[in-house]
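A short worksheet on the structure shown next.
The values are calculated or read from the model by the stated rules, or taken from the named source; none is laboratory data. Treat the numbers as computed from the prediction; the structure is a model and nothing was measured. Glycine also receives a Cβ, built like all others from the backbone with ideal geometry; neighbour counts cover every protein chain displayed. Surface areas here come from the heavy atoms of the whole protein model, side chains and all, with no ligands, DNA or RNA. Shrake-Rupley method; radii C 1.70, N 1.55, O 1.52, S 1.80 Å.
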Amino acid sequence: MSQDVILVTGATGVLGREVLDRVRRAGVPVRAMTRRTALPVDPGVEWVTADLGTGAGVDAALEGVATVVHCASDTRKPKNDIPGWRRLIDAARRAGVRHIVNISIVGVDRIPYPYYKIKLEGELLLAESGIPWTNLRATQFPELLNMAFRFMLKLPFVLVPSKTACQPVDQGEVADRLVELALGAPAGQVPEMGGPRVYDAKELARTWLAAAGRKRPIVPVHLPGTMGAAFRSGALTTPDHAVGVRTWEEFLAGQVASRSAR
């Protein structure tokens, strides 16, 4: 197979699906990696089963690959991410991969949240891997906020961190940027990517509830310690890089309100 293949890890996730679609539309040979054994029938995409958690199938998945767009992350068991990173990097070296593009999160270097510490460690592993790399940090995806708010409907109230600013950026626009980076030369740490507007977390909850046609009290929670202070400092946002176009309100109208009306 040609060395022009782009491999997308985490190809069934919120971001991975968007990246996969855009690589396919760019007309570039694309391989999608998933832990699932029942693979989709997907024109224009070569689906493979591989597990970064165990290493099973990873070498085969990377055979003939020039560029990896790494979207995989185990949010339920994030401690698995670092061993997975090591397996991916080792297999990429063996396969002769020429570029790894990674997605990370704005604030990983400023917020001592356990998952963020793992994301930062992954960035450092990539930078020290010897493989040419590009790393993009983005702010919060609207779809992930939507999933969090829907989960909290199980409670009689909606919890949000107090005095915490957020800056939702459309996951499709982040996917556009990742594919642009994947098709270009390795660039190291690139400028962060944030949405067009900064919101208080309480405002996000209020507008989401209105769009979903639900009523719940919103309860701001004061997070203690250095982590809470970092959240309140604005470390989740990147106002100087508000390059996103699609707004939170547009997402609500197109995804949340439309689903609620069905």
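If you check R177, R137, which single one turns out to be outside any loop (DSSP other than H, G, I, E, B) and in contact with a Leu (Cβ under 7 Å, 6 or more places away or on another chain)? If you could, list the steps in order and put the result at the bottom.
Numbers: R137 fails: in contact with a Leu (Cβ under 7 Å, 6 or more places away or on another chain).
Being outside any loop (DSSP other than H, G, I, E, B) and in contact with a Leu (Cβ under 7 Å, 6 or more places away or on another chain) holds for just one of R177, R137, which is R177.
Kindly indicate which of G107, G130 is at positive phi, assigned to a loop (DSSP other than H, G, I, E, B) and surrounded by 18 or more Cβ atoms within 10 Å (Cβ to Cβ).
On the way: G130 fails: surrounded by 18 or more Cβ atoms within 10 Å (Cβ to Cβ).
So the residue among G107, G130 that is at positive phi, assigned to a loop (DSSP other than H, G, I, E, B) and surrounded by 18 or more Cβ atoms within 10 Å (Cβ to Cβ) is G107.
Hey, among E121, E143, E128, which residue is among the charged types (D, E, K, R), within 24 Å of E192 (Cβ to Cβ), at pLDDT 95 or above and out of contact with any helix residue (DSSP H, G or I) (no Cβ under 7 Å at 6 or more places or on another chain)?
On the way: E121 fails: out of contact with any helix residue (DSSP H, G or I) (no Cβ under 7 Å at 6 or more places or on another chain); E143 fails: out of contact with any helix residue (DSSP H, G or I) (no Cβ under 7 Å at 6 or more places or on another chain).
Criteria check complete, one pass: E128.
Being outside any loop (DSSP other than H, G, I, E, B), open to solvent by 20 Å² or more (accessible area, probe 1.4 Å) and not basic (K, R) is the filter here; which residues of the stretch 180-208 pass it?
Filtering the stretch 180-208 down to residues outside any loop (DSSP other than H, G, I, E, B) leaves 180-182, 188-189, 193, 199-208.
With the extra rule that they be open to solvent by 20 Å² or more (accessible area, probe 1.4 Å), the set shrinks to 180, 189, 200, 202-203, 206-207.
Scanning the stretch 180-208 gives E180, Q189, D200, E203, T207.
Kindly indicate which of I100, I118 is outside any loop (DSSP other than H, G, I, E, B) and in contact with an Asp or Glu (Cβ under 9 Å, 6 or more places away or on another chain).
On the way: I100 fails: in contact with an Asp or Glu (Cβ under 9 Å, 6 or more places away or on another chain).
I118 is the lone residue from the list that is outside any loop (DSSP other than H, G, I, E, B) and in contact with an Asp or Glu (Cβ under 9 Å, 6 or more places away or on another chain).
Being assigned to a loop (DSSP other than H, G, I, E, B) and closer than 15 Å to G57 by Cα is the filter here; which residues of the stretch 12-47 pass it? Break it down stepwise before answering.
Taking the stretch 12-47 first, the residues assigned to a loop (DSSP other than H, G, I, E, B) are 12-13, 26-29, 35-44.
R35, R36, T37, A38, L39 - these are the residues of the stretch 12-47 that are assigned to a loop (DSSP other than H, G, I, E, B) and closer than 15 Å to G57 by Cα.
Taking the criterion of being at positive phi and touching a residue at least 24 places away in the same chain (Cβ under 8 Å), would at least one residue in the stretch 243-254 satisfy it? Write out each step before concluding.
If we filter the stretch 243-254 for residues that are at positive phi, which is where we start, we get none.
Checking the stretch 243-254: not a single residue is at positive phi and touching a residue at least 24 places away in the same chain (Cβ under 8 Å).
Considering only residues that are part of a loop (DSSP other than H, G, I, E, B), surrounded by 14 or more Cβ atoms within 10 Å (Cβ to Cβ) and of a type in the set (A, V, I, L, M), which ones fall in the stretch 209-262?
Once the filter is applied, which keeps residues that are part of a loop (DSSP other than H, G, I, E, B), surrounded by 14 or more Cβ atoms within 10 Å (Cβ to Cβ) and of a type in the set (A, V, I, L, M), the stretch 209-262 yields L223, A235, L236, A242, V243.
So which residues in the stretch 48-81 are part of a strand (DSSP E or B) and over 23 Å from T134 (Cα atoms), if there are any at all? Don't jump to the end; show me each part of the working.
In the first step, residues of the stretch 48-81 are kept if they are part of a strand (DSSP E or B); the result is 48-49, 65-70.
Result: V48, T49.
Quick check: is even one residue across the stretch 29-40 open to solvent by less than 30 Å² (accessible area, probe 1.4 Å), β-branched (V, I, T) and in contact (Cβ under 8 Å) with a residue 60 or more places away in the chain? Reasoning before the result, please.
Taking the stretch 29-40 first, the residues open to solvent by less than 30 Å² (accessible area, probe 1.4 Å) are 30-34.
Applying the additional criterion that residues be β-branched (V, I, T) yields 30, 34.
Now narrow it down to the ones that are in contact (Cβ under 8 Å) with a residue 60 or more places away in the chain: none.
No, the stretch 29-40 contains no residue that is open to solvent by less than 30 Å² (accessible area, probe 1.4 Å), β-branched (V, I, T) and in contact (Cβ under 8 Å) with a residue 60 or more places away in the chain.
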